[in-house]
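For reference, the structure discussed in these notes is given below.
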Amino acid sequence: MMKIAVIGTGYVGLVAGTCFAESGHEVTCIDVNPRKIQALKRGEVPIYEPGLEELVRRNMAAGRLHFTEELAGSVGPAQVVFIAVGTPEGESGRADLQYVLAAAEQVGRALKQYTVIVDKSTVPVGTADKVHEVVARHTRCEFDVVSNPEFLKEGAALEDFLKPDRVVIGTRSERARKLMAELYAPFVRTENPILFMDPCSAELTKYAANAMLATRISFMNDMAALCEKVGADVEQVRKGMGADKRIGYSFLHPGIGYGGSCFPKDVKALTATARDMGLEFDLLRAVENTNARQKRCLLTKALKHFGDLSGRTFAVWGLAFKPKTDDMREAPSVELIEGLLGKGARVQCHDPVAVESARRYFGDRVLYAPTNYAAAEGADALFLVTEWNEFRHPDLKRLKATMKSPTIFDGRNVIDPQLAREEGFTYFGIGRPSS
Ligand SMILES: NC(=O)C1=CN([C@@H]2O[C@H](COP(=O)(O)OP(=O)(O)OC[C@H]3O[C@@H](n4cnc5c(N)ncnc54)[C@H](O)[C@@H]3O)[C@@H](O)[C@H]2O)C=CC1
Ligand SMILES: O=C(O)[C@H]1O[C@H](OP(=O)(O)OP(=O)(O)OC[C@H]2O[C@@H](n3ccc(=O)[nH]c3=O)[C@H](O)[C@@H]2O)[C@H](O)[C@@H](O)[C@@H]1O
C-alpha cells in the first residue's frame, strides 16, 4: 500500500486517483476548486464519465479515497504525488504551463520525505526538468520527477486507465522506476508493457500519439471531401483501407472535425515546439487547416442546399464533442450552432447528457428539447452532430412526420442513406454521394 496524492480532480486526476485507490492504495485528491471538492466529498462526480461515480463512492466508503483543498497536508506524507492539472492552449499555440508550475511550487513547499513527483498532465519536452527546478527551489528533501503521460479517452476513461495499451514512464532514476513499476503492476498483468524511457521521450510520446490520431482523422476528412467530388463513398473506402492490417480501422471515421480538450491544443502545441526548435511541421499545419474546414462543412452544405437560412428552424442531435461525455470543449456543435444562429436560424437541440454544459455556451439562444424527436419538431433539417447510440437508428417515419421538411445532414455517417432516401428524406453525409 502506498500513500498517493493527486493534484487536479479533472478527467485525468479523478480517474487516476480513483483507479489507484481501487488497486488498494490510499489516495487523496486535491483541487483548488472548492465546488468540485465539496461535491466529491458528498460522493458526487462533477463530470459525466460512465462508471466513475460508482467507483468513487466504493473507494470512499472503503476509506481509501479522500478529497481536499488542502495540498500541504496530503502531499507531506505521500510517497507519490501526481500533477494532473490543465495545460490549456497558451500564447502562439504553446501549452500554458502556469498551473503545472504553480502546483510544482506548492509540492516543493510541502515535501516532508523522499517523494516521486509524477507529471501526468500533457506537457512539452523539457517540462520535467522545469518542474525539477521549481521543486528544488522550495525543498531540501530528496525527490525525483517522472513523466507519465496519460492516454485515456473520455467516455471510456476507466477502461482505458485500468487496461492501458501501454504505460509510459520517463525517468532516469532507478528508485523512481521501481516505485512506478510497483504502482502500475496491477494494470499491466497481460502482455501490455510498461515502457521506461528518458523524460523527454516520454513527454514527446504523448504529443506524437495525439498528433498521429488527429492526422488520421484529417486524412480521412480530406479523403471524404475528395469522395464527394468524384462520387465515391468514403465509408467504402474506409473499410477497404482499414482491412489492411498495417493501417487498421481505428480513428479512420470521417466526421465534422475532431474536438475535445486535447487534440486541438496538442496538435497546436507540438507545432509550436517544432517551430521553437526551428522546424516547420507542415504536416500538422495541414491537419489543423483540414480540421477547421471540416468543422464548417455542415454549415457549408446547408447554405448550398437552402441558400438563405434566416427564419428557418434546425434540429441538432448531439452537443458533446463525442458520445458518452458531457464535455463541450472545442465541440464541433459549437461552431455549427453559432453559424446557424449567425445566419438568423432557430436551433432546437438535444443531447442525452451535455445540456448543462451547453447552457454555458448558448444560454437561452437555443431551445433545449427533452427528446431528440421533440428537437426535430417543425424543423427544416436535422443535423446529426454526435453519434450517441440512441441516434443511430431513428424511427424515420416518426421523424418525417415531425419535421417540416425531411432533410438530414449526417455529420457522423451513422444513418443509412439508402433507408433515409427510401423514406423520402434528402440525405447529406460526409464524403458520400448526395441525393
Ligand atoms: N481530458 C482527457 O481526456 C485527457 C487529458 N490529458 C491531459 O491531462 C491534463 C489534465 O486534463 P483534464 O483532467 O482534462 O483537466 P481539467 O481541466 O478537467 O482538470 C484540471 C483540474 O486541475 C485543477 N487545478 C488547477 N491547478 C491546481 C492546483 N494548483 N492545485 C490543485 N488543483 C488544481 C483545476 O481546478 C481542475 O479541476 C491536461 O494536461 C490534459 O492535456 C491527458 C489525457 C486525457
Ligand atoms: O490526450 C487526450 O486528452 C486524449 O485525447 C484523445 O481522447 P478524447 O479527446 O477523449 O477522445 P477521442 O475518442 O480520441 O476523440 C477525439 C475527437 O476525434 C473525433 N474522432 C475520433 C475518431 C475518429 O475516427 N474520427 C473522429 O472524428 C471525435 O469525434 C472527437 O471529436 C485520445 O484518443 C486519447 O488517447 C488521449 O489521451
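The values are calculated or read from the model by the stated rules, or taken from the named source; none is laboratory data. These numbers were taken from a predicted model, which means no experiment stands behind them. Every residue, glycine as well, gets a Cβ built from its backbone with ideal geometry; the counts of neighbours run over all protein chains shown.
Structure data summary
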quantity	calculated
Test: residue in the range 140-152 that is within 15 Å of ligand 1 (Cβ to nearest atom), surrounded by fewer than 24 Cβ atoms within 10 Å (Cβ to Cβ) and more than 17 Å from residue 12 (Cβ to Cβ)	no
Per-region count, the range 275-302, residues more than 23 Å from the chain's Cα centre (by Cα) and either within 16 Å of ligand 1 (Cβ to nearest atom) or of a type in the set (A, V, I, L, M) (or both)	4
The range 192-238 - residue that is within 13 Å of ligand 2 (Cβ to nearest atom) and either outside any helix (DSSP H, G or I) or among the polar types (S, T, N, Q) (or both) and, of those, farthest from residue 94 (Cα to Cα)	221
Residue 153 of a type in the set (D, E, K, R) and closer than 23 Å to residue 201 by Cα	yes
Residue among 255, 242, 311, 248 that alone is buried (at least 22 other Cβ atoms within 10 Å of the Cβ) and more than 16 Å from ligand 1 (Cβ to nearest atom)	255
Residue check for residue 52: within 16 Å of ligand 1 (Cβ to nearest atom) and touching a residue at least 60 places away in the same chain (Cβ under 8 Å)	yes
Qualifying positions in the range 93-132 - more than 19 Å from residue 73 (Cβ to Cβ) and part of a loop (DSSP other than H, G, I, E, B)	94, 96, 97, 120, 121, 122, 123, 124, 125, 126
Boolean, residue 292 is of a type in the set (Gly, Ala, Ser), touching a residue at least 12 places away in the same chain (Cβ under 8 Å), in contact with a Gly (Cβ under 7 Å, 6 or more places away or on another chain) and in a helix (DSSP H, G or I)	no
Matching residues, the range 12-54, being within 15 Å of ligand 2 (Cβ to nearest atom), surrounded by 19 or more Cβ atoms within 10 Å (Cβ to Cβ) and modelled with pLDDT of 95 or more	12, 13, 14, 15, 16, 19
Members of the range 133-152 that are over 20 Å from residue 276 (Cβ atoms) and free of Cβ contacts under 8 Å to residues at least 24 places away in the same chain	140
Residue match in the range 107-116 (condition: free of Cβ contacts under 8 Å to residues at least 24 places away in the same chain and either aliphatic (A, V, I, L, M) or within 29 Å of residue 280 (Cβ to Cβ) (or both))	no
Residue that is farthest from ligand 1 (Cβ to nearest atom), among those in the range 357-393 that are assigned to a strand (DSSP E or B) and farther than 22 Å from residue 415 by Cβ	367
Of residues in the range 78-92 being near ligand 1 (Cβ under 10 Å from one of its atoms) and assigned to a loop (DSSP other than H, G, I, E, B), the one surrounded by the fewest Cβ atoms within 10 Å (Cβ to Cβ)	88
Cβ pairs under 9 Å, 6+ apart, first in the range 303-320 and free of Cβ contacts under 8 Å to residues at least 40 places away in the same chain and farther than 16 Å from residue 335 by Cα, second assigned to a strand (DSSP E or B) and among the charged types (D, E, K, R)	311/346
Residue, farthest from ligand 1 (Cβ to nearest atom), within the range 98-138, restricted to residues that are under 16 Å from residue 173 (Cβ atoms) and β-branched (Val, Ile, Thr)	116
Residue count for the range 239-271, restricted to those that are of a type in the set (Gly, Ala, Ser), assigned to a loop (DSSP other than H, G, I, E, B) and more than 13 Å from ligand 2 (Cβ to nearest atom)	1
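For (1) assigned by TED's automatic domain parsing to the domain that holds residue 302; (2) of a type in the set (Phe, Trp, Tyr); (3) surrounded by 21 or more Cβ atoms within 10 Å (Cβ to Cβ), each residue gets a yes or a no:
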| residue | (1), (2), (3) |
| --- | --- |
| 376 | yes, no, yes |
| 382 | yes, no, yes |
| 392 | yes, no, no |
| 401 | yes, no, no |
| 409 | yes, yes, yes |
| 421 | yes, no, no |
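So that you can scan it fast, the table gives a plain yes or no per residue for (1) under 26 Å from residue 415 (Cβ atoms); (2) assigned by TED's automatic domain parsing to the domain that holds residue 10; (3) touching a residue at least 12 places away in the same chain (Cβ under 8 Å):
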residue: 230; (1), (2), (3): yes, no, no
residue: 236; (1), (2), (3): yes, no, no
residue: 240; (1), (2), (3): yes, no, no
residue: 253; (1), (2), (3): yes, no, yes
residue: 265; (1), (2), (3): no, no, yes
residue: 270; (1), (2), (3): no, no, yes
